[in-house]
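Since the structure comes first, as C-alpha coordinates, the remarks are kept for the end.
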Amino acid sequence: MNEITMRLQADHLILEALKEDISSEDVTTNSVMKEYVKGEVQLICKQNGIISGLEVFKRVFELLDERTEVTFYCKDGDAVEEGQLMGIVTGDIRVLLSGERVALNYLQRMSGIATYTHSVAKLLEGTKIKLLDTRKTTPNMRIFEKYAVRTGGGYNHRYNLSDGVLLKDNHIGAAGSVTKAVQMAKDYAPFVRKIEIEVENLDMVKEAVEVGADIIMLDNMDTDTMKEAIRMIGGRAETECSGNVTKENIARLTELGVDYISSGALTHSAPILDISLKNLHAV
(Lines give C-alpha, C1' and ligand atoms only; values in the text may rest on other atoms or scores of the structure.)
Protein backbone atom coordinates (compact mmCIF):
# COMPACT_ATOMS: atom_id res chain seq x y z
CA MET A 1 0.00 0.00 0.00
CA ASN A 2 1.67 3.23 -1.10
CA GLU A 3 1.97 6.30 1.11
CA ILE A 4 -0.71 8.33 -0.70
CA THR A 5 -3.29 5.55 -0.42
CA MET A 6 -2.33 5.03 3.21
CA ARG A 7 -2.87 8.69 4.12
CA LEU A 8 -6.08 9.23 2.12
CA GLN A 9 -7.85 5.89 2.55
CA ALA A 10 -6.37 4.09 5.55
CA ASP A 11 -5.28 6.63 8.17
CA HIS A 12 -8.80 7.60 9.24
CA LEU A 13 -9.78 3.93 9.59
CA ILE A 14 -6.70 3.17 11.68
CA LEU A 15 -7.44 6.17 13.89
CA GLU A 16 -11.00 4.95 14.42
CA ALA A 17 -9.65 1.55 15.44
CA LEU A 18 -7.32 3.24 17.94
CA LYS A 19 -10.18 5.37 19.30
CA GLU A 20 -12.28 2.23 19.71
CA ASP A 21 -9.50 0.73 21.84
CA ILE A 22 -8.72 3.93 23.77
CA SER A 23 -11.99 5.77 24.39
CA SER A 24 -10.48 8.07 27.02
CA GLU A 25 -7.07 6.78 28.12
CA ASP A 26 -5.06 3.58 28.36
CA VAL A 27 -5.54 3.11 32.09
CA THR A 28 -3.19 0.14 32.38
CA THR A 29 -0.27 1.73 30.54
CA ASN A 30 -0.70 5.07 32.32
CA SER A 31 -0.60 3.20 35.63
CA VAL A 32 2.83 1.68 35.03
CA MET A 33 4.45 4.33 32.78
CA LYS A 34 4.14 7.83 34.18
CA GLU A 35 6.53 9.50 31.73
CA TYR A 36 8.52 8.99 28.53
CA VAL A 37 10.90 6.04 28.50
CA LYS A 38 12.44 4.83 25.26
CA GLY A 39 12.04 1.12 24.63
CA GLU A 40 11.95 -1.56 21.99
CA VAL A 41 9.91 -4.68 21.34
CA GLN A 42 10.32 -7.60 18.95
CA LEU A 43 7.81 -8.61 16.27
CA ILE A 44 7.80 -12.40 16.23
CA CYS A 45 6.00 -14.85 13.96
CA LYS A 46 4.38 -17.77 15.80
CA GLN A 47 3.02 -19.68 12.79
CA ASN A 48 4.15 -20.43 9.22
CA GLY A 49 2.42 -18.30 6.60
CA ILE A 50 2.51 -15.32 4.24
CA ILE A 51 3.03 -11.91 5.82
CA SER A 52 0.86 -8.95 4.81
CA GLY A 53 0.16 -5.55 6.34
CA LEU A 54 3.57 -4.53 7.64
CA GLU A 55 3.13 -0.88 6.61
CA VAL A 56 -0.30 -0.79 8.25
CA PHE A 57 1.23 -2.26 11.42
CA LYS A 58 3.91 0.44 11.32
CA ARG A 59 1.38 3.20 10.67
CA VAL A 60 -0.53 2.43 13.88
CA PHE A 61 2.49 3.42 15.94
CA GLU A 62 3.36 6.40 13.74
CA LEU A 63 -0.13 7.85 14.20
CA LEU A 64 0.37 7.65 17.96
CA ASP A 65 3.88 9.13 17.75
CA GLU A 66 5.60 9.98 14.47
CA ARG A 67 8.99 9.50 16.14
CA THR A 68 8.40 5.74 16.47
CA GLU A 69 10.94 3.72 14.48
CA VAL A 70 10.10 0.35 12.94
CA THR A 71 12.67 -1.92 11.31
CA PHE A 72 11.47 -4.95 9.35
CA TYR A 73 13.44 -8.05 8.39
CA CYS A 74 10.85 -9.23 5.86
CA LYS A 75 8.40 -7.67 3.40
CA ASP A 76 4.78 -8.17 2.45
CA GLY A 77 4.33 -11.35 0.43
CA ASP A 78 7.25 -13.16 2.05
CA ALA A 79 6.82 -16.63 3.50
CA VAL A 80 7.53 -16.47 7.23
CA GLU A 81 8.12 -19.23 9.75
CA GLU A 82 7.29 -19.95 13.36
CA GLY A 83 9.82 -18.29 15.66
CA GLN A 84 11.08 -15.85 13.01
CA LEU A 85 12.06 -12.35 14.14
CA MET A 86 10.25 -10.13 11.64
CA GLY A 87 11.05 -6.71 13.03
CA ILE A 88 11.77 -4.38 15.93
CA VAL A 89 9.69 -1.39 17.06
CA THR A 90 11.50 1.36 18.96
CA GLY A 91 9.96 4.38 20.68
CA ASP A 92 8.05 5.67 23.69
CA ILE A 93 7.11 2.59 25.72
CA ARG A 94 3.64 4.09 26.28
CA VAL A 95 3.11 4.13 22.50
CA LEU A 96 4.37 0.57 22.11
CA LEU A 97 1.95 -0.66 24.76
CA SER A 98 -1.08 1.36 23.67
CA GLY A 99 -0.72 0.55 19.97
CA GLU A 100 0.19 -3.13 20.34
CA ARG A 101 -3.27 -4.70 20.05
CA VAL A 102 -4.55 -2.62 17.14
CA ALA A 103 -1.30 -3.04 15.21
CA LEU A 104 -1.32 -6.80 15.71
CA ASN A 105 -5.02 -7.07 14.85
CA TYR A 106 -4.35 -5.58 11.42
CA LEU A 107 -1.21 -7.63 10.82
CA GLN A 108 -2.70 -10.94 11.98
CA ARG A 109 -5.91 -10.46 10.00
CA MET A 110 -4.19 -9.38 6.79
CA SER A 111 -1.54 -12.09 7.03
CA GLY A 112 -4.21 -14.71 7.63
CA ILE A 113 -6.01 -13.66 4.45
CA ALA A 114 -2.76 -13.62 2.47
CA THR A 115 -1.87 -17.08 3.77
CA TYR A 116 -5.26 -18.58 2.92
CA THR A 117 -5.33 -16.90 -0.49
CA HIS A 118 -1.85 -18.23 -1.25
CA SER A 119 -2.93 -21.77 -0.41
CA VAL A 120 -5.93 -21.52 -2.77
CA ALA A 121 -3.97 -19.80 -5.55
CA LYS A 122 -1.44 -22.65 -5.53
CA LEU A 123 -4.24 -25.02 -6.50
CA LEU A 124 -4.71 -22.99 -9.71
CA GLU A 125 -1.05 -23.05 -10.74
CA GLY A 126 -0.60 -24.24 -14.31
CA THR A 127 -3.98 -22.84 -15.37
CA LYS A 128 -4.93 -19.45 -16.82
CA ILE A 129 -7.64 -18.97 -14.19
CA LYS A 130 -7.49 -15.84 -12.02
CA LEU A 131 -8.59 -16.18 -8.40
CA LEU A 132 -10.82 -13.27 -7.33
CA ASP A 133 -12.10 -12.00 -4.01
CA THR A 134 -15.60 -10.53 -3.43
CA ARG A 135 -17.24 -7.72 -1.47
CA LYS A 136 -17.80 -10.11 1.45
CA THR A 137 -15.35 -8.20 3.61
CA THR A 138 -15.41 -6.98 7.20
CA PRO A 139 -17.00 -3.49 7.43
CA ASN A 140 -14.30 -0.78 7.39
CA MET A 141 -11.65 -3.40 6.61
CA ARG A 142 -12.09 -3.73 2.84
CA ILE A 143 -9.03 -1.72 1.81
CA PHE A 144 -6.85 -3.86 4.09
CA GLU A 145 -8.43 -7.21 3.26
CA LYS A 146 -8.37 -6.71 -0.50
CA TYR A 147 -4.73 -5.64 -0.29
CA ALA A 148 -4.02 -8.87 1.60
CA VAL A 149 -5.67 -10.93 -1.15
CA ARG A 150 -3.29 -9.39 -3.70
CA THR A 151 -0.34 -10.05 -1.40
CA GLY A 152 -1.32 -13.72 -1.26
CA GLY A 153 -1.44 -14.11 -5.04
CA GLY A 154 -5.12 -13.42 -5.72
CA TYR A 155 -6.81 -10.63 -7.66
CA ASN A 156 -9.44 -8.10 -6.67
CA HIS A 157 -12.96 -8.17 -8.05
CA ARG A 158 -14.68 -4.75 -7.96
CA TYR A 159 -13.77 -2.73 -4.87
CA ASN A 160 -17.26 -1.36 -4.23
CA LEU A 161 -20.61 -0.60 -5.87
CA SER A 162 -19.16 2.41 -7.70
CA ASP A 163 -16.40 0.35 -9.24
CA GLY A 164 -18.30 -1.68 -11.83
CA VAL A 165 -21.60 -3.16 -13.00
CA LEU A 166 -22.55 -6.58 -11.65
CA LEU A 167 -26.18 -7.50 -12.21
CA LYS A 168 -27.25 -10.08 -9.62
CA ASP A 169 -30.50 -11.98 -9.14
CA ASN A 170 -32.32 -9.14 -7.41
CA HIS A 171 -31.22 -6.61 -10.04
CA ILE A 172 -32.58 -8.94 -12.71
CA GLY A 173 -35.80 -9.26 -10.73
CA ALA A 174 -36.10 -5.49 -10.43
CA ALA A 175 -35.44 -4.98 -14.17
CA GLY A 176 -37.76 -7.78 -15.27
CA SER A 177 -35.36 -10.02 -17.18
CA VAL A 178 -31.72 -10.67 -18.05
CA THR A 179 -32.13 -8.84 -21.35
CA LYS A 180 -33.74 -5.77 -19.79
CA ALA A 181 -31.16 -5.60 -17.01
CA VAL A 182 -28.20 -5.69 -19.41
CA GLN A 183 -29.81 -3.19 -21.79
CA MET A 184 -30.52 -0.79 -18.92
CA ALA A 185 -26.94 -1.09 -17.67
CA LYS A 186 -25.56 -0.40 -21.16
CA ASP A 187 -27.77 2.67 -21.43
CA TYR A 188 -26.75 4.07 -18.03
CA ALA A 189 -23.20 3.04 -17.22
CA PRO A 190 -20.18 4.79 -18.81
CA PHE A 191 -19.15 3.02 -22.02
CA VAL A 192 -15.77 2.06 -20.53
CA ARG A 193 -17.46 -0.14 -17.91
CA LYS A 194 -17.88 -3.83 -18.62
CA ILE A 195 -21.28 -5.32 -17.88
CA GLU A 196 -21.22 -8.49 -15.78
CA ILE A 197 -24.32 -10.53 -15.04
CA GLU A 198 -24.98 -13.42 -12.68
CA VAL A 199 -26.85 -16.38 -14.12
CA GLU A 200 -28.22 -19.49 -12.45
CA ASN A 201 -29.39 -21.72 -15.33
CA LEU A 202 -28.83 -22.35 -19.04
CA ASP A 203 -31.81 -20.27 -20.15
CA MET A 204 -30.27 -17.26 -18.44
CA VAL A 205 -26.89 -18.06 -20.03
CA LYS A 206 -28.46 -18.04 -23.49
CA GLU A 207 -30.18 -14.72 -22.83
CA ALA A 208 -27.00 -13.13 -21.42
CA VAL A 209 -24.98 -14.17 -24.48
CA GLU A 210 -27.59 -12.91 -26.92
CA VAL A 211 -27.91 -9.49 -25.25
CA GLY A 212 -24.12 -9.03 -25.24
CA ALA A 213 -23.03 -9.19 -21.62
CA ASP A 214 -19.26 -8.76 -21.29
CA ILE A 215 -18.80 -11.17 -18.37
CA ILE A 216 -21.12 -13.99 -17.37
CA MET A 217 -20.95 -15.25 -13.80
CA LEU A 218 -22.03 -18.87 -13.38
CA ASP A 219 -23.46 -18.89 -9.89
CA ASN A 220 -23.95 -22.02 -7.80
CA MET A 221 -24.13 -24.37 -10.80
CA ASP A 222 -23.14 -28.02 -10.71
CA THR A 223 -20.11 -29.05 -12.76
CA ASP A 224 -22.01 -30.50 -15.72
CA THR A 225 -24.20 -27.40 -16.04
CA MET A 226 -21.13 -25.15 -15.95
CA LYS A 227 -19.48 -27.20 -18.69
CA GLU A 228 -22.54 -26.78 -20.90
CA ALA A 229 -22.76 -23.08 -20.07
CA ILE A 230 -19.15 -22.49 -21.10
CA ARG A 231 -19.76 -24.41 -24.34
CA MET A 232 -22.80 -22.22 -25.06
CA ILE A 233 -20.89 -19.01 -24.36
CA GLY A 234 -18.14 -20.14 -26.72
CA GLY A 235 -15.76 -17.29 -25.98
CA ARG A 236 -18.33 -14.57 -26.70
CA ALA A 237 -18.03 -13.37 -23.10
CA GLU A 238 -15.58 -13.83 -20.26
CA THR A 239 -16.68 -16.37 -17.69
CA GLU A 240 -16.58 -16.44 -13.90
CA CYS A 241 -17.51 -19.26 -11.54
CA SER A 242 -18.85 -18.35 -8.13
CA GLY A 243 -20.80 -19.77 -5.22
CA ASN A 244 -19.41 -21.46 -2.09
CA VAL A 245 -15.93 -21.85 -3.56
CA THR A 246 -13.35 -22.91 -0.95
CA LYS A 247 -9.90 -24.48 -0.83
CA GLU A 248 -11.54 -27.85 -0.29
CA ASN A 249 -13.70 -27.84 -3.45
CA ILE A 250 -11.97 -25.58 -5.97
CA ALA A 251 -10.24 -28.47 -7.78
CA ARG A 252 -13.46 -29.45 -9.58
CA LEU A 253 -13.45 -26.10 -11.41
CA THR A 254 -9.92 -26.09 -12.78
CA GLU A 255 -10.66 -28.19 -15.88
CA LEU A 256 -13.69 -26.21 -17.04
CA GLY A 257 -11.85 -23.53 -19.02
CA VAL A 258 -13.37 -20.69 -17.01
CA ASP A 259 -11.56 -17.32 -16.94
CA TYR A 260 -12.14 -16.38 -13.29
CA ILE A 261 -13.08 -18.06 -10.03
CA SER A 262 -14.35 -15.82 -7.24
CA SER A 263 -14.39 -16.86 -3.61
CA GLY A 264 -15.83 -14.96 -0.68
CA ALA A 265 -14.00 -17.39 1.60
CA LEU A 266 -10.72 -15.59 0.90
CA THR A 267 -11.84 -12.78 3.19
CA HIS A 268 -14.72 -14.12 5.28
CA SER A 269 -13.27 -17.50 6.29
CA ALA A 270 -9.51 -17.03 6.54
CA PRO A 271 -8.13 -17.59 10.06
CA ILE A 272 -5.62 -15.14 11.48
CA LEU A 273 -1.87 -15.76 11.38
CA ASP A 274 -0.50 -15.93 14.91
CA ILE A 275 1.96 -13.06 15.48
CA SER A 276 3.07 -11.35 18.69
CA LEU A 277 5.09 -8.49 20.12
CA LYS A 278 7.50 -9.82 22.75
CA ASN A 279 10.45 -8.93 24.96
CA LEU A 280 9.62 -5.26 25.56
CA HIS A 281 12.42 -3.50 27.43
CA ALA A 282 13.87 -0.03 27.96
CA VAL A 283 16.87 1.02 25.86
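The values are calculated or read from the model by the stated rules, or taken from the named source; none is laboratory data. Every value quoted in this text rests on a predicted model; they were computed, and no experiment measured them. Positions of Cβ are backbone-derived with ideal geometry, glycine not excepted, and every protein chain shown enters the neighbour counts.
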Exercise. Residues in the stretch 146-160: is at least one under 16 Å from the mean Cα position of the chain (by Cα) and either β-branched (V, I, T) or in the same structural domain as G49 (by TED's automatic domain parsing) (or both)?
Worked result: yes
For this session: Out of the residues in the stretch 103-133 that are of a type in the set (V, I, T) and either without any contact (Cβ under 8 Å) to a residue 24 or more places away in the chain or out of contact with any Phe, Trp or Tyr (no Cβ under 9 Å at 6 or more places or on another chain) (or both), state the one that is surrounded by the most Cβ atoms within 10 Å (Cβ to Cβ).
Result: T117
Exercise. Here are some residues: G49, G83. Which one is within 30 Å of N249 (Cβ to Cβ), outside the structural domain of D259 (by TED's automatic domain parsing) and small (G, A, S)?
Worked result: G49
Seminar exercise, completed: Of (1) free of Cβ contacts under 8 Å to residues at least 12 places away in the same chain; (2) over 19 Å from V95 (Cβ atoms), V27 fails just (2)
For this session: Evaluate the stretch 55-74: report whether one residue or more is among the aliphatic types (A, V, I, L, M) and farther than 24 Å from M6 by Cβ.
Result: no
Exercise. Taking the stretch 23-48 as the search range and keeping residues that are within 16 Å of E100 (Cβ to Cβ) and among the hydroxyl-bearing types (S, T, Y), which one is surrounded by the most Cβ atoms within 10 Å (Cβ to Cβ)?
Worked result: T29
For this session: Can you confirm whether the stretch 182-202 contains a residue that is charged (D, E, K, R), in contact (Cβ under 8 Å) with a residue 12 or more places away in the chain, farther than 18 Å from E240 by Cα and surrounded by 18 or more Cβ atoms within 10 Å (Cβ to Cβ)?
Result: no
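In the stretch 153-171, what residues are hydrophobic (A, V, I, L, M, F, W, C) and either surrounded by 14 or more Cβ atoms within 10 Å (Cβ to Cβ) or not in a loop (DSSP other than H, G, I, E, B) (or both)?
Let us first name the residues in the stretch 153-171 that are hydrophobic (A, V, I, L, M, F, W, C), namely 161, 165-167.
If the condition is that a residue be hydrophobic (A, V, I, L, M, F, W, C) and either surrounded by 14 or more Cβ atoms within 10 Å (Cβ to Cβ) or not in a loop (DSSP other than H, G, I, E, B) (or both), then V165, L166, L167 are the ones that fit.
Being within 25 Å of D214 (Cβ to Cβ), acidic (D, E) and in contact with an Asp or Glu (Cβ under 9 Å, 6 or more places away or on another chain) is the filter; apply it to the stretch 237-281 and report the residue that is surrounded by the most Cβ atoms within 10 Å (Cβ to Cβ). Please lay out each step first, then the result.
Step one: of the stretch 237-281, the residues within 25 Å of D214 (Cβ to Cβ) are 237-245, 250, 253-264, 266-267.
Next cut, acidic (D, E) only: 238, 240, 255, 259.
Cutting the leftovers down to in contact with an Asp or Glu (Cβ under 9 Å, 6 or more places away or on another chain) gives us 238, 240, 259.
Working: E238: 16, E240: 22, D259: 18.
Here the residue is E240.
State the number of residues belonging to the stretch 68-101 that are of a type in the set (D, E) and surrounded by 15 or more Cβ atoms within 10 Å (Cβ to Cβ). Break it down into steps so the answer makes sense when it comes.
As a first pass, look at the stretch 68-101 and keep what is of a type in the set (D, E): 69, 76, 78, 81-82, 92, 100.
Next, from what is left, pick out any that are surrounded by 15 or more Cβ atoms within 10 Å (Cβ to Cβ): 76, 78, 92, 100.
Here the count works out to 4.
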